[in-house]
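Peer 1: Quick one: structure below, then a few questions.
Bear in mind these aren't lab numbers, they're just calculated from the coordinates by the rules spelled out. Please read these numbers as outputs of a predicted model, since none were measured by experiment. Positions of Cβ are backbone-derived with ideal geometry, glycine not excepted, and every protein chain shown enters the neighbour counts.
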Amino acid sequence: MIGRRQALVTALALIVLVGLVALRPGSRPGADTLPSRLSDEAFWALITDFSEPDGYFRSDNFLSNEKAFQRVLPTLTAALPAGGAYLGVGPEQNFTYLVALRPKLAFIVDIRRGNLHEHLLYKAFIEMSSDRAEFLSRLFARRRPADLSAAAPIDTMMDAYRDVSPDLEFFYENFQAAADWLVKRHGFGLSTTDLDGIQYVYNAFYEGGPDLNYSFSNGGGGFGGQFPTYAELMAETDDRGEQRSYLATEANFRALAQMEKDNAVVPLVGNFAGPKALRSVGRYLKTHGATVTAFYTSNVEMYLFQQADDWRNFYANVASLPVDGSSTFIRSVSNRGFQFRAPSPVPGARSSTRLSSIADLVRAFERGSIRGYADVVAMSN
């Protein structure tokens, strides 16, 4: 009888212990409870709590310069499940990945607070617009042509707005509407400096319109060079010739608009090698039992290898993220100086988009097999 009582006590103690471990802060529950919709308060709290101080990069990065970034979409969509979490960096190219991969929640982490400003401007204009044509009218501060159909191909839309002059009165009207949308409707705690930053970003789209490209600078000029324009990027295709940008179809735009309305695209200020942003995201995802499905790094890793131990700090941060065997890095690698296995680089593109397993790279890092950027490129296909 005593033996049975002792066995019962031991069993109950084990049950309690397992329960305590399961509820320990930072532990990963069995069920995925990652939200696909955040309240305005929760959205702003994540931005405020997870972000790091504003950092420096040598360009404003209003627009991607990666001509080939859509080419990997068939491979990605075939390999990765919908749901989970997406991590990325930079501006609008993330939107195209989001509408293709359909994660529950996305965190866009960039060292510049200017990228946060740009994403908030996008958020306001996307939520306020009923279709792509209305969105582009707001984004470029150009009045919508009366005969421009919402069903028009993206090439036609861009050509139509190229033929319309930017309107300064419309610019200020749209900026004020966006500011009111973010501050009054959503209740986000934007400072005067933040609003000035949003206006600074908007000015680039006002001046550049469909011909805006990566080389644009607020000081004037900046539409030439070898970089693709906004119009060209939106009309690019995957490796099967299908246009996949977030503005290629109304369905794509609506899918992104729903994510924005759900506050499911969370822009953060953070250094990939920093102590807070990525690790905060990792803890949050683990708490919700979620997995990172894709992490778009652009060419940030190349720069990290040029800055002392920043690359080590970054991969240590990545090692803190919840991943599985399908979790994938999406990176941009220069076409100069590297030999690639198939697929071959896209003609005329300055870089190629390559994929690699996050888990495999973390294991290589932890066993000391990553010593330079070339090792990372070698693990990319």
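Peer 1: Got a sec? Which residues in segment 89-118 would a label at Ala359 touch, if it sits 7 Å along Cα→Cβ and we count backbone N under 15 Å?
Peer 2: It comes to no residues whatsoever.
Peer 1: Return the long-range amide H neighbours of Thr328 (sequence gap of 5 or more, or a different chain), with a cut-off of under 5 Å between placed amide H atoms.
Peer 2: The answer is Ala294, Phe295, Ile358.
Peer 1: Right, something else. Show me the ranking of peptides 275-282, 142-149, 373-380 by mean Cβ neighbours inside 10 Å, starting with the highest.
Peer 2: 275-282, 373-380, 142-149
Peer 1: Further question: Got a sec? Which residues in segment 311-336 would a label at Asp375 touch, if it sits 7 Å along Cα→Cβ and we count backbone N under 13 Å?
Peer 2: Only 311-313, 315-316 fall inside the zone, counting backbone N under 13 Å.
Peer 1: Between Ala319 and Phe170, what's the calculated FRET efficiency when r is the beta-carbon distance and R0 is 35 Å? Round to 0.05. Please report the intermediate quantities before stating the final value.
Peer 2: On the way: r = 48 Å, r/R0 = 1.38.
Efficiency for this residue pair is about 0.15.
Peer 1: Also, quick follow-up: Return the distance in nm (one decimal) between the two label points of a simple spin-label model at Arg367 and Ala251, each offset 7 Å from Cα along Cα→Cβ.
Peer 2: 4.3
Peer 1: Residue by residue, what Karplus-based ³J(HN,Hα) values in Hz, rounded to whole numbers, does segment 369-381 have, using 6.51, -1.76 and 1.60 with θ = phi - 60° and x for Gly and Pro?
Peer 2: Working through the residues one at a time gives 7, 9, 10, x, 4, 4, 5, 5, 4, 5, 8, 9, 10 Hz.
Peer 1: Given H placed 1.01 Å from N in the peptide plane, which residues other than close sequence neighbours of Tyr246 have an amide H under 5 Å from its amide H?
Peer 2: Thr96
Peer 1: So for each of 179-185, 285-291, 131-137 I average, over its residues, the number of other beta carbons within 10 Å; can you give me the resulting order with the highest mean first?
Peer 2: Result, highest mean Cβ count within 10 Å first: 131-137, 285-291, 179-185.
Peer 1: Which entry is the computed Rg and Dmax of the Cα atoms in Å for this structure: (i) 22.4, 91; (ii) 19.7, 65; (iii) 21.3, 66?
Peer 2: Step by step, Rg and Dmax of the Cα atoms in Å for this structure corresponds to label (i).
Peer 1: Near the amide H of Gly289, under 5 Å away, which other amide H atoms are found, from residues 5 or more places off or on another chain, if H is placed in the peptide plane?
Peer 2: Amide H neighbours of Gly289, under 5 Å, 5+ apart: Thr33.
Peer 1: Let me ask something else. Given the options Ser356, Gln176, Gly368, identify the residue whose Cα lies farthest towards the positive end of the charge dipole of the chain (+1 on Cβ of Lys, Arg; -1 on Cβ of Asp, Glu).
Peer 2: Checking the options against the dipole of the chain, the answer is Gly368.
Peer 1: Further question: Under unit Cβ charges (Lys, Arg +1; Asp, Glu -1), what dipole magnitude, rounded to 20 debye, does the chain have relative to its Cα centre?
Peer 2: The dipole magnitude comes to about 1800 debye.
Peer 1: Could you tally the net charge around Gly114, taking each other residue with its Cβ under 9 Å from the Cβ of Gly114, Lys/Arg +1 and Asp/Glu -1?
Peer 2: Numbers: positive: Arg112, Arg113; negative: Asp54, Asp60, Asp110, Glu118.
Taking every Cβ under 9 Å from that of Gly114, the sum is -2.
Peer 1: Another question, if that's okay. Suppose only helical runs count, i.e. DSSP H with n ≥ 4. What mean residue ellipticity at 222 nm does that imply for the chain under -39500 (n - 2.57) per run, divided by all residues and rounded to the nearest 500 deg cm²/dmol?
Peer 2: Helix contribution divided over all residues of the chain: -13500 deg cm²/dmol.
Peer 1: Moving to a separate point now. Enumerate the calculated ³J(HN,Hα) couplings along segment 322-331 in order (Karplus 6.51 cos²θ - 1.76 cosθ + 1.60, θ = phi - 60°), each rounded to whole Hz, writing x wherever the residue is Gly or Pro.
Peer 2: x, 10, 9, x, 9, 4, 10, 7, 10, 10
Peer 1: Tell me, what HN-Hα J-couplings in whole Hz come from the Karplus equation 6.51 cos²θ - 1.76 cosθ + 1.60 at θ = phi - 60° for each residue of segment 195-204, using x for Gly and Pro?
Peer 2: Result, ordered by residue: 5, 4, x, 5, 5, 4, 5, 4, 4, 4 Hz.
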